[in-house]
Amino acid sequence: MTESVLPTVLVVAVALIDVDGRVLIAKRPEGKQLAGLWEFPGGKVEPGERPEAALIRELREELGIEVTESCLAPFVFASHAYESFHLLMPLYLCRRWSGVVVAHEHAALAWVKPDKLPDYPMPPADAPLVAWLRDLL
Ligand code: CDP
């Protein structure tokens, strides 16, 4: 029997939290894997890139906002074995950014109270993070 080892993909994600305690989630666009599901914004870490730098880059590209590294608090690590890769995904918390969020790459954005997050279907890697967030906020 041969054992296959799945490649590991490192994705960083963030829970942006506004002054009312609502969390930003973003709907994955058509044409991408897991289209239509709601995720915490973020994306793949490039080879040699630090996770925090990747997240700052992704937030600039995806949402048009600027975040400083000192505002990123690492929170919880998600891990999920998809069919063709193993995803590792630290979720950061962030309460301060500059600029106004705009959906440059997503189909929609929503600011959601933590207790309403379960109403939004999420990728299997993101869904377990909701319980952590609800307990924390
Ligand atoms: O945008 P980019 O292609 O850099 O990365 P991505 O498509 O956002 O993420 C790569 C893969 O990680 C996706 O195809 C999803 O399977 C998974 N992912 C996830 O499960 N949850 C997220 N919040 C983001 C990505």
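A compact table of results
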| read-out | value |
| --- | --- |
| Under 19 Å from LYS116, Cα to Cα: aspartates and glutamates that are on another chain or at least 8 residues apart | ASP18, ASP20, GLU39, ASP126, ASP135 |
| ALA103-HIS80 FRET efficiency (beta carbon distance; Förster radius 25 Å; 0.05 resolution) | 0.55 |
| Region 44-64 and region 74-137: distance between their alpha carbon centers, rounded to Å | 15 |
| Where the Cα pairs of the chain fall when distances are cut into 10 Å bins, in % | 12, 45, 35, 7, 2, 0 |
| Check: the chain dipole with +1 on Lys, Arg Cβ and -1 on Asp, Glu Cβ, in debye | 260 |
| Antiparallel %, DSSP beta bridges [both residues in region 8-136], to 5 | 75 |
| FRET E, pair ALA53, ALA131, Förster distance 30 Å, beta-carbon r, rounded to 0.05 | 0.55 |
| Selection from GLY36, LEU24, ILE65 lying farthest towards where the dipole of region 17-88 points positive, charges on Cβ | GLY36 |
| Relative contact order computed over region 8-136 (Cα-Cα under 8 Å; 6+ residues apart), in percent | 33 |
| Estimated [θ] at 222 nm from DSSP helical runs (n ≥ 4, -39500 (n - 2.57)) normalised by residues in the chain, nearest 500 | -5000 deg cm²/dmol |
| C-alpha long axis of helix 51-63 to longest principal axis of the chain, angle in ° | 60 |
| Cα-based reach from LYS44 at 23 Å (exclusive), listing lysines while leaving out same-chain residues under 8 positions away | LYS27, LYS32 |
| Between helix 127-136 and the chain: long-axis angle, C-alpha atoms, 0 to 90°, nearest 10 | 40 |
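Throughout, read-outs are computed from the coordinates displayed, never taken from laboratory work. Computed from a prediction, not measured in an experiment: that's the story for all the values here. For neighbour counting, all protein chains shown are included, and Cβ atoms are generated from backbone atoms with ideal geometry for every residue, glycine included.
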